[in-house]
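The values are calculated or read from the model by the stated rules, or taken from the named source; none is laboratory data. All values derive from a computational prediction rather than experimental measurement. A quick note on method: Cβ atoms are made from the backbone with ideal geometry, for glycine too, and the neighbour counts reach across all protein chains shown. Ligands, DNA and RNA are stripped out before the accessible areas are found, and what is left, the full protein with its side chains, is counted by its heavy atoms. Shrake-Rupley method; radii C 1.70, N 1.55, O 1.52, S 1.80 Å.
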Amino acid sequence: MNLKKRTFNYEEYFSKYENLIPNYENFLFSLKFPIPQYFRINTLKVPTKEDQEYLLEILRKKGVNFEKIEEIPYFYRVLNNEEISLGNLEEYSLGLIHSMTLSSSLPVIALDPKPGDLILDMCAAPGGKTGLIAMMTEDKAIVVSNDKRIDRLTALVANIKRLGITCTITTRYRGEHFPFGIPFNKILVDAPCTGEGRYRVGLEGEILYQKGSGKANLPSIQKGLLVRAFDLVEPGGIIVYSTCTINPKENEEVVDYLLRKRQAELLDWESPLPFHPGITEWEGKPYHPSLKLSKRYYTHEIQAVGFFVAKIKRIN
Ligand SMILES: C[S@@+](CC[C@H](N)C(=O)[O-])C[C@H]1O[C@@H](n2cnc3c(N)ncnc32)[C@H](O)[C@@H]1O
């Protein structure tokens with residue numbers, strides 16, 4: 001396929017969101033800069049304050065400049081982005097740290113995993129959120145980490161091993177067909193999406209990191225995943241639906257679809273990062289008013305990948 005045919009000018013591409021994205025000009029400007037790298041300390045392998053301080057000191061000595069993220073425990077922002085590749089560090093190979101964008105923690109914070117929970121991570125690979133769930137529950141929940149792609153499952157299993165996690169079972173199903181019979185009390189649907197929250201802009205105004213055009217049916221896949229998650233979770237259980245895209249058709253409209261099909265309600269939760277409420281209308285189509293409880297995160301406001309997060313409760 002001719003790659004040029006797939007790339008768009010960014011101003012043209014994002015113009016449909018001009019009235020949706022706050023401080024739109026700042027948003028466009030921010031796309032010209034790389035998103036900072038972040039890492040988190042893996043407390044499963046580095047549990048004590050003393051060892052954490054020692055680890056940070058070693059990283060400093062190796063030339064990693066970073067600052068602590070006050071809002072989210074154990075996360076650090078790399079300040080000398082261009083000079084550092086976190087994945088090449090020995091501390092990464094040993095599983096003492098894990099690199100993941102800051103906003104990737106938000107769906108897990110919304111899920112609020114606790115020791116003893118039985119959790120399905122429906123689209124789990126390569127495992128950033130599974131790893132954080134394991135860390136937040138001190139490896140004491142049971143986490144079924146599922147993904148449909150074998151190549152990505154390989155990366156997931158490698159990450160689980162590297163991070164010293166023992167509480168996971170990995171499975172390979174299309175989420176829409178994940179089998180019934182396991183009484184999950186929490187399910188994370190970190191859905192495949194167009195990834196607009198990751199897009200950056202090249203020197204000629206071309207969009208970088210844009211995925212292929214074979215994703216046209218994403219909203220229907222996302223709806224299938226979310227409805228199945230609802231049917232799998234126990235009554236009273238929690239589902240978190242998240243994407244790293246801006247498109248309301250992959251976000252609010254998917255949750256709106258669930259609210260029309262099933263007895264579900266949106267829940268509020270305390271966000272550590274600034275957000276904008278979900279929208280209740282797009283291109284003339286009204287969504288359920290409670291969608292304002294979902295949360296939109298924009299790259300230029302959080303200096304991380306843009307995200308959408310909705311916390312949902314199964315009522316009956
Ligand atoms: C946004 S990524 C997940 C990232 C992951 N949660 C993490 O934190 O590392 C979406 C994942 O969904 C998987 N996927 C796509 N379609 C799927 C389906 N129908 N069922 C299950 N997984 C699917 C993809 O292979 C991809 O790994």
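A few comments on the model shown:
- Heavy-atom accessible area with a 1.4 Å probe sorts TYR92, TYR173, TYR10, largest first, into TYR173, TYR92, TYR10.
- Extension gain for the segment GLU53 to TYR173, taken as residue separation times 0.36 nm less the Cα-Cα distance, is 39.1 nm to one decimal.
- Cα-based shape type of the range 231-285, given that a ≥ b ≥ c are square roots of the gyration tensor eigenvalues and the cut on a/c is 1.5: oblate
- When HIS288, HIS276, HIS177 are compared by accessible area of protein heavy atoms, the largest-first order is HIS177, HIS288, HIS276, using a 1.4 Å probe.
- Electrostatic dipole magnitude of the chain [Cβ: Lys, Arg +1; Asp, Glu -1; Cα centre; debye, to 20]: 980 debye
- For the pair GLU82 and LYS61, a Förster radius of 22 Å applied to the C-beta separation gives a FRET efficiency near 0.70, rounded to the nearest 0.05.
- Cα-centre dipole for the range 32-89 with unit charges at Cβ (Lys and Arg positive, Asp and Glu negative), debye to 20: 140 debye
- As a size descriptor, the averaged projected area of the C-alpha convex hull of the range 36-100 was calculated at 4.0 nm².
- Among the GluC sites (Glu not before Pro) in the range 198-277, those located in a DSSP loop and surrounded by at most 14 other Cβ atoms within 10 Å of their own Cβ are GLU204, GLU270.
- Kyte-Doolittle mean at least -0.5 and Cα axial length at least 20 Å: DSSP H helices in the chain: 218-232
- Amide hydrogen proximity for SER294: with H placed 1.01 Å from N in the peptide plane, the residues at 5 or more positions away or on another chain lying under 5 Å are GLY278.
- The range 160-316 - Debye-derived log10 I(q)/I(0), Cα point model, q = 0.10, 0.13, 0.17 Å⁻¹: -0.40, -0.66, -1.08
- The residue list VAL227, VAL46, ALA141 was ranked by how far each Cα lies along the charge dipole of the chain toward its positive end, using unit charges on Cβ atoms, and VAL227 comes out on top.
- Entries in LYS129/LYS261; LYS186/LYS292; LYS249/LYS295; LYS148/LYS261; LYS140/LYS295 that, when Cα-Cα distance is taken, lie over 18 Å: LYS129/LYS261; LYS186/LYS292; LYS148/LYS261; LYS140/LYS295
- With R₀ set to 35 Å, the beta-carbon distance separating ILE315 from VAL157 gives a calculated FRET efficiency near 0.50.
- The amide H of THR171, built 1.01 Å from its N in the peptide plane, has SER145, ASN146, ASP147 as neighbours under 5 Å, considering only residues 5 or more places off or on other chains.
- Cα gyration tensor shape of the chain, rounded if a/c is under 1.5, else prolate or oblate by comparing a/b with b/c: oblate
- The order of ILE279, ILE150, ILE182 by accessible area, most exposed first and with a 1.4 Å probe, is ILE150, ILE182, ILE279.
- Model label sites at GLU25 and ILE182, defined 7 Å from Cα along the beta-carbon direction, differ in position by 5.1 nm.
- MRE, 222 nm, helices only [DSSP H, n ≥ 4, -39500 (n - 2.57), over the chain, to nearest 500]: -7500 deg cm²/dmol
- Full extension of the chain between GLU281 and ARG260 gives 6.1 nm of extra length, using 0.36 nm per residue less the Cα-Cα distance.
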